[in-house]
Every structure is written in structure tokens, then in C-alpha cells.
Amino acid sequence: MRVNNKNIYRTAIIISFIALNALLLFGLSKVLGYLNSGAERSDMLHLEKETITTYLPKVNWSSLDNPGRKMEQQALKEIEKDYLFSWYVKNNALKANTTEGIADFYTDSARVNLFKLVDYNKANKISIEGTTIEHNPAIDFYSADGQIVVFTDRNIVEYQKIYQDKKLINTVTDTASYKVMMLLEDGFWRIRHIKRMPPETVVHDSIKPHKLFEVKGDSIMNDGKAYLIKGINYYPKNSAWDMYGDKFSTDTIRADFDIIANAKLNTVRIFVPYEDFGKADVQEDRLDKLGQVLDLAEEKNLAVIVTLFDFYSDYTPQNWTLTHRHAEKIVETFKNHNAILAWDLKNEPDLDFKNRDKDNVTGWLQTLLPLIKKWDPNNLVTIGWSNPHDAVLLQDKVDFVSYHYYLNPNHFLDKYDALKVQTNKPVVLQEFGVSSYRGFWSWFGKGENGQAEYHKKMQAVFKEKQLAFLSWTLYDFPAVPNNVAGKWPWIKNKQKKFGFLDEHGKPKPSFLHISN
């Protein structure tokens, strides 16, 4: 028995010794492998994840012809990735006044000026928050050994906000071209030389787009005839603010569009939630559902205003390119759909001025507007401002001016007239309405009869003055999410009762005045 125990102990010791040595050898091989190959730069700086979530400028390679070797697609992909990383690292360096990452994407000589600029800015308490919008490179030379590439990046649009001692001192939108030389070192492409040049003149083909809807003077035209918007903001009753989720039903939407069309309305306004659609990586199932909604609207002869970026509120420049990829995917997918009347870039962006920085909000809108026009030259664009005072902002960039009005109807015409003298664009009242809620949280609410009187008065003005309108909204909602109206019951209960139909689908007295 003792002999057996000794053999067991001896065997256990030998096995443990062998296992320990195996683990030591495995660990040593991993360390040697890491030292021999070098760490992946994107892993060290978390850049791969960061660029996917914060930086996706559009890259358009216009030419790959060169006098050296043929450009391989895999090599081009690596060059593009490291080139964009170099811009990302540079922008981060100028914002935080840090040199982190610069050495990984710029050679010794190229990084000298960047280091000097960072030191100067740090000494003078200057920081620069910036991003690029689009890159248009064309290969000039690719060496036979695949170690050197030279290209010209034409007409890069750069946006910068310059701060000194944490105070904004200037905002710059600039366009320039760059001659770039990159070297392949240790398996990575680094900037060896980058020279700024004036932007180049680009001649576009003079193709006149066909516009189903267009603006002439202060009128919106449809196929050559004046089109007066008489519409409504739309969510299905049981999936308000979640129109494309699990409760999505074409039968429900078709029946609702029948109600709208039979009420002598001609336009619906719908909303595309940014996060629900996948942010920069727009989900195909959401695109398919949006397409079905547009098809149903066309079937019922309803024009559609599509409001983008619902529930989006981060306007910092470093995230702009993500929103560009989101909008580009949606707009280019549906730009030729016959139901589209206009793209509404954002619902009530002025409500974010205080907490999200007005310059960031307006800068984002100004940058996005021409891109929407570029992706879709056929359809109109607008912005849904929360009040008539802010509606004149960026009016020179939009096709028609949109605003919301939830104040006293007796003052409506005065506010409208004051807005109209400030613009020669068509003006659309994009949201208006009043809640019929009267109860514990609002003893002096309008009630259903008061709501009906409100709409009767407003429709009389619209008919007399021939004004465009979209009311809020078709249904009373059984539930309103907290992220829409907050958690306070006196607010949420009012928000539930703006409809012309109650939550059971029964017409309220106001339904008689849904249109003029």
C-alpha cells in the first residue's frame, strides 16, 4: 500500500512539472512572437473600434492608374485605412494637445511639424476640434516594390472649431487639396510627406434633374402645378415612436393611410429614428420597412416628408461622418421613390441649442444639407424648427421653411406674417395641435370639444390664407415613451391626447376639422 502511494505521488509530481514547463514555454513563445512582429497599432490605440464608431468620411478613389506597378485591392484597402487613421490621429492630437499615436502614422520627418504645432497650441492654451467630410484621392505613383505610394487628395472639406482657454474664438470650413506620399514601414503605411494645395475646380456634367416636386417663387409645385400641403404627422396608434419595430404592420398602415386620404389630406410626415435604423450601419430590415411605408403612401396618392435623425442629439464634429453615412444610405436608397416630397433633416434641432452647443448643431446642419442635395438632386429639403423665430435659420440652404406652432391660435397669424416677411421661400406649418386631455393632471384642459374648436379656428385661417399645414397627430396614443415626453404624468397624459381619433380608433369631435 505504501509503495502504491509513493508511485501515485511521484506520478503527480512529474505530471505537474511537465505541465508547468509547457505553460512557461507557451507564454515565452507568445512574448517572443509579439516582440518580433510588433503590436498592431490599432490595438494599442483602440483605433479600429474608434474609427468605426466616430470617423467614417466618404472616400472616392477617382483613379488607380499609375506608371509603377498595378495597385492591388488589398494594398489599396490598407493604404486607405492607414491614411484615414492619420487624419483621425491628427485631429485627436490637435483637440487634446497630445502626441499619442502620431509616431505610428507619420514618419520621423513628417511628425516634426505636428509636434511643433501641438507644443505651440499647448503653450497658448489653444485646442482645435475638427473633422474631414470627404476625401477624393487619385493615385499618382505606386512603386514597383510596393513600398511607396503618392496620391493627390482633391478638395477635402475640413471643418474646425478653434478654442483658446476653452472659449470658442473661430469656426472654419475650408476646402483644400493635398499631395501625399506614404511609405510602407514595418507592415504599416505612414505619412512621409503631405503638402497642402489650393482646391481644384471640378466641372460637373450639366444634367438637369427631373423633379416631381420643386419650388417656384414661394410655392411648391407638383409636376408643374401648385401643390398646397394639407397633411398630418403619422405614427401607428400602437407603435408610436417605434414604427419599424416588432409591431410593424402593413395592414395597419394601409388602413390608416386610407383614413388620411379619405379625409382629403394629401401629405404625411414620418420619422426615421437614428439608433433604431442602425446609426452609420443602416440595417436592411429597417430599409425594407421604410420602403413598404413609402409604397403604401404612393398607393394612396399621399406625398411623404421623411424626417431623418429622430432621437439624435450628438452634434460634435468628430461624429459627423457617422451621420453622413447613415443619411447617405437612406437617401440614395429612396431618392427615386415617387412618394418622396422632401427630406426633413432634423426635428426641432433648435431645442438642442442650449445643451448641445448652437454652433455644433448649425454647423452639422450646414454640412449635411449640401450632401443631401448631392446624393439626391431631385427632391426637396427642409428643417423642422420648433418655432417661427428660429425658422429663418439656414433658410438660404433649404427649399422651403418649416416650423412648429403650439401656442395660442389667436396669435398664430401675427407670428406667421412676421416670419413670411423674412423669407421668400415657401413656408410650411409642419406641426400644430392641442391636447384634449382633461383630468386629474390638468383640470383646465381643452377637452375634446375645446380641441375641436381649436382646429376649427386654425383650419379657417388656413383656408382663407391658403396655408400649408401638417397637424399633430392622427391618433391618441395608449402609451408615450419616457424618452419622448419624460416621466411626469402631467406631461405624458397631455401628449397622449393630441389625436383626431381616440385610442380605440373612434373619431373625436376634432375629426370634423382635420382638413379644410
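Could you list the GluC sites (Glu not before Pro) in segment 270-373 that lie in coil according to DSSP, counting only those with at most 16 other Cβ atoms within 10 Å of their Cβ?
Numbers: sites: Glu275, Glu284, Glu298, Glu299, Glu328, Glu332; in loops: Glu275.
Passing sites in segment 270-373 are Glu275.
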### Query
In square nanometres, what is one fourth of the surface area of the convex hull spanned by the alpha carbons of segment 476-516?
3.2 nm²
### Summary
Taking the chain and counting helices only, DSSP H stretches of n ≥ 4 at -39,500 (n - 2.57) each over all residues, the nearest-500 ellipticity at 222 nm comes to -12000 deg cm²/dmol
### Message
Nearest 5 percent is fine: what portion of the DSSP beta bridges confined to the chain is antiparallel?
### Response
55 percent
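So which trypsin sites (Lys or Arg not before Pro) in segment 117-221 pass both tests, a DSSP loop state and at most 15 other Cβ atoms within 10 Å of the Cβ?
On the way: sites: Lys122, Lys125, Arg154, Lys161, Lys166, Lys167, Lys179, Arg190, Arg192, Lys195, Arg196, Lys211, Lys216; in loops: Lys125, Lys166, Lys211.
Filter output for segment 117-221: Lys125, Lys166, Lys211.
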#### Entry: Given charges at Cβ of Lys, Arg, Asp, Glu: segment 217-352 dipole, positive-most of Thr316, Leu228, His337
Leu228
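Distances over 20 Å make up what percent of all Cα-Cα pairs in segment 349-410? Intermediate values should be presented prior to the final figure.
Details: 574 of 1891 pairs.
Beyond 20 Å sits 30 percent of the P(r) for segment 349-410.
Within 10 Å of each candidate Cβ there may be at most 15 other Cβ atoms; applying that plus a DSSP loop requirement, which chymotrypsin sites (Phe, Trp or Tyr not before Pro) in segment 296-381 survive?
Values: sites: Phe309, Phe311, Tyr312, Tyr315, Trp320, Phe334, Trp343, Phe353, Trp364, Trp375; in loops: Phe311, Tyr312, Tyr315.
Those satisfying the criteria are Phe311.
Given N residues in segment 308-364, what is Rg(Cα) / (2.2 N^0.38 Å)? Don't jump to the answer; show the numbers that get you there.
On the way: Rg = 12.6 Å, N = 57, 2.2 N^0.38 = 10.2 Å.
Cα-based Rg divided by the globular estimate yields 1.23.
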### Task
Grab every C-alpha pair in segment 163-274, bin the distances at 5 angstrom width from 0 up to the longest one, and report whole percents.
2, 8, 9, 9, 8, 9, 10, 9, 9, 10, 9, 6, 2, 0
### Query
When Lys and Arg each count +1 and Asp and Glu each count -1, what net charge do the other residues less than 15 Å away from Thr252, Cβ to Cβ, add up to?
-3
### Query
Considering the alpha-carbon set of segment 138-199 alone, what are its Rg and its Dmax in angstrom?
15.8, 50
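Å³ per residue of the Cα convex hull, for segment 242-317? Present the calculation step by step, with values, prior to reporting the outcome.
Values: hull volume 7.2 nm³, N = 76.
Per residue, the Cα convex hull of segment 242-317 comes to 94 Å³.
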### Query
Using the Cα atoms of the chain to build a convex hull, what is its mean projected area in square nanometres?
37.8 nm²
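Put Thr98, Thr333 in order of accessible area, largest first, 1.4 Å probe: what do you get?
Working: Thr98 45, Thr333 70 Å².
Descending order: Thr333, Thr98.
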### Message
Cross-link candidates for Lys247: which aspartates and glutamates have Cα within less than 15 Å, leaving aside residues fewer than 8 places away along the same chain?
### Response
Asp256, Asp276, Asp285, Asp288
### Query
To one decimal place, what Kirkwood hydrodynamic radius in Å is obtained for segment 378-516 from all pairs of distinct Cα atoms?
16.0 Å
### Largest-first ordering by accessible area, 1.4 Å probe, given options His135, His193
His193, His135
### Task
For segment 491-511 and segment 305-362, write down the distance between their C-alpha centroids in whole Å.
29 Å
### Query
Using the Cα atoms as the points, what is the convex hull volume per residue of segment 241-377 in Å³?
106 Å³
### Task
Using only Cα positions of segment 303-440, each an equal point scatterer, no hydration layer, compute I(q)/I(0) via Debye at q = 0.20, 0.22 Å⁻¹ and quote the log10 values to two decimals.
-1.23, -1.39
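A 32 angstrom limit on the alpha carbon distance is what I want to check against. Which of Lys373/Lys415; Lys95/Lys335; Lys354/Lys415; Lys463/Lys497; Lys216/Lys237; Lys58/Lys415 exceed it?
Working: Lys373/Lys415 30 Å; Lys95/Lys335 37 Å; Lys354/Lys415 23 Å; Lys463/Lys497 25 Å; Lys216/Lys237 36 Å; Lys58/Lys415 41 Å.
Over 32 Å Cα-Cα: Lys95/Lys335; Lys216/Lys237; Lys58/Lys415.
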### Summary
Of 78-87, 506-515, ordering from highest average Cβ density within 10 Å down gives 78-87, 506-515
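The values are calculated or read from the model by the stated rules, or taken from the named source; none is laboratory data. All values derive from a computational prediction rather than experimental measurement. As a convention, Cβ positions derive from the backbone with ideal geometry for all residues, glycine included, and neighbour counts pool all protein chains shown. Ligands, DNA and RNA are stripped out before the accessible areas are found, and what is left, the full protein with its side chains, is counted by its heavy atoms. Shrake-Rupley method; radii C 1.70, N 1.55, O 1.52, S 1.80 Å.
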